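The values are calculated or read from the model by the stated rules, or taken from the named source; none is laboratory data. Note that the structure is predicted; figures quoted are calculated from it, not measured. Cβ atoms come from the backbone with ideal geometry, glycine included; neighbour counts cover every protein chain shown. When the accessible area is computed, the model is the full protein with side chains, heavy atoms only, and any ligands, DNA or RNA have been set aside. Shrake-Rupley method; radii C 1.70, N 1.55, O 1.52, S 1.80 Å.
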There are 2 protein chains.
Amino acid sequence: MMHLVLADSELELIPEKIAGHPSVRGYRSRILDSSLHHNAMKSLKGGYRRGRPDIVHISLLVAMESILNREGMLRVYIHTRGDTVIYINPETRIIKNYGRFKGLMQQLLERGRVPSNGEALMEARNETLAQLLEKLDGRKILFSPEGKRGSMGEIMEEDVVCIIGGFPHGDFLSPVYDMADEVVSIYHEVLPAWTVVMEAIVSYENKFIFRQP
Amino acid sequence: MMHLVLADSELELIPEKIAGHPSVRGYRSRILDSSLHHNAMKSLKGGYRRGRPDIVHISLLVAMESILNREGMLRVYIHTRGDTVIYINPETRIIKNYGRFKGLMQQLLERGRVPSNGEALMEARNETLAQLLEKLDGRKILFSPEGKRGSMGEIMEEDVVCIIGGFPHGDFLSPVYDMADEVVSIYHEVLPAWTVVMEAIVSYENKFIFRQP
């Protein structure tokens, strides 16, 4: 089983502090989005990196539609800067339309689950990254440009927890370096979250599902 | 070098026939989008599969941000249902915001290139899939659920042309089965375009860049 954790993801509701700003008021969605709210965000602490639901969206589309997930060997968690952890049912089909995806994330962060009735497809809990990682079995590999250079194929173990930053640049906010068994860099340039997600997933598939040379 | 061709992609401007429909008039973007225009699209031939710029967007984000592209070993082409081929400069950074991406696609389909001045990052030419494929060197592999079951690692050759459908369901519209050297199915379920894109790219990287066991 691979557990995939998108850590310190820049997904949040619009903070109270900027809710009245002219660049924010006009929009219906209450999810912070730097491509819409960048003017208001200048006054937010860490505003230069916040408001990136697009990174979560693309990473989820890559992960949840993968062969690994279809084979039942993947579990995905979104940990946010606000210490919310979103648990995703492996059966979930991620909405492809970005606007609708943000609507779903808003509902999830406001109500704690979607859909409101029946079996939850996504559930949001107040949890730190440390609390989440404690529960997951497998070797904990943190992907970071700060890590030792390594190749996916060699790193992957059958039970593995892959921790990937869900933010555009900068470093992890959570004290994640203390929680990882290994810190690995797979490339000499910074890669977007979803690129590391796809590298991890396909390399795992090739090693443990297709058992390719 | 890997040439990646997204074939018969469902990317187009809103057809004249439905331009006056109430479900279309309210929107600024002139790119057909089934998540907005589905009511109007019922009267279009093949309307059940058309208007999927999201598939092109996600596939491009996956391909252009990959390690393979950063290593200069990937060329990407979007062939559309209207027989336009979009040539993408490998240096292009794909806009992550979906709304803005559609704006760019509109500009590209209306004016033939973006940006309007200086070196083109994307260029749209009137070309059939056959005309495009004729120009590309390498073994032509068509990915289709109709193909022979095969594994990415075994299929990949150093010079390869991967042809992947850029549509949500149904079959290719272009006579592509006659143009391919091989027709391959990598999984027993239909996969979204970007999942096949990422499987192809990472398997190629592992074989020819990282040369992993």
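Listed values, structure above:
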item	result
Some residue of segment B:36-59 being at positive phi and part of a loop (DSSP other than H, G, I, E, B)	yes
Single condition B:Gly150 does not satisfy, out of (1) out of contact with any Leu (no Cβ under 8 Å at 6 or more places or on another chain); (2) open to solvent by 30 Å² or more (accessible area, probe 1.4 Å)	(2)
Residue pairs meeting the criteria (Cβ under 6 Å; at least 6 apart or on separate chains; first free of Cβ contacts under 8 Å to residues at least 24 places away in the same chain, in segment A:13-26; second assigned to a helix (DSSP H, G or I) and open to solvent by 30 Å² or more (accessible area, probe 1.4 Å))	A:Ser23/A:Asn39
Where A:Arg125 falls short, out of the listed (1) touching a Gly at 6+ places or on another chain (Cβ under 8 Å); (2) at positive phi; (3) of a type in the set (D, E, K, R)	(2)
Of all residues making up segment A:156-213, the number that are open to solvent by less than 30 Å² (accessible area, probe 1.4 Å), more than 14 Å from chain B (Cβ to nearest Cβ), part of a loop (DSSP other than H, G, I, E, B) and of a type in the set (A, V, I, L, M)	1
Failed item, numbered, when B:Ser23 is tested on (1) within 14 Å of chain A (Cβ to nearest Cβ); (2) farther than 30 Å from B:Gly138 by Cβ	(1)
Check on A:Gly82, free of Cβ contacts under 8 Å to residues at least 24 places away in the same chain, out of contact with any Leu (no Cβ under 8 Å at 6 or more places or on another chain), open to solvent by 10 Å² or more (accessible area, probe 1.4 Å) and assigned to a loop (DSSP other than H, G, I, E, B)	no
Flag for B:Leu68 being of a type in the set (A, V, I, L, M, F, W, C), in contact with an Asp or Glu (Cβ under 8 Å, 6 or more places away or on another chain) and at pLDDT 95 or above	yes
Close pairs from segment A:99-123: first closer than 18 Å to A:Gly82 by Cα, partner open to solvent by less than 70 Å² (accessible area, probe 1.4 Å) and part of a helix (DSSP H, G or I), Cβ under 7 Å, at least 6 apart	A:Lys102/A:Pro53; A:Met105/A:Pro53; A:Met122/A:Leu108
Filtered residue count, segment A:87-104, keeping only those that are under 17 Å from A:Val197 (Cα atoms) and surrounded by 21 or more Cβ atoms within 10 Å (Cβ to Cβ)	1
Given (1) modelled with pLDDT under 95; (2) more than 10 Å from chain A (Cβ to nearest Cβ), index of the condition B:Gly99 fails	(2)
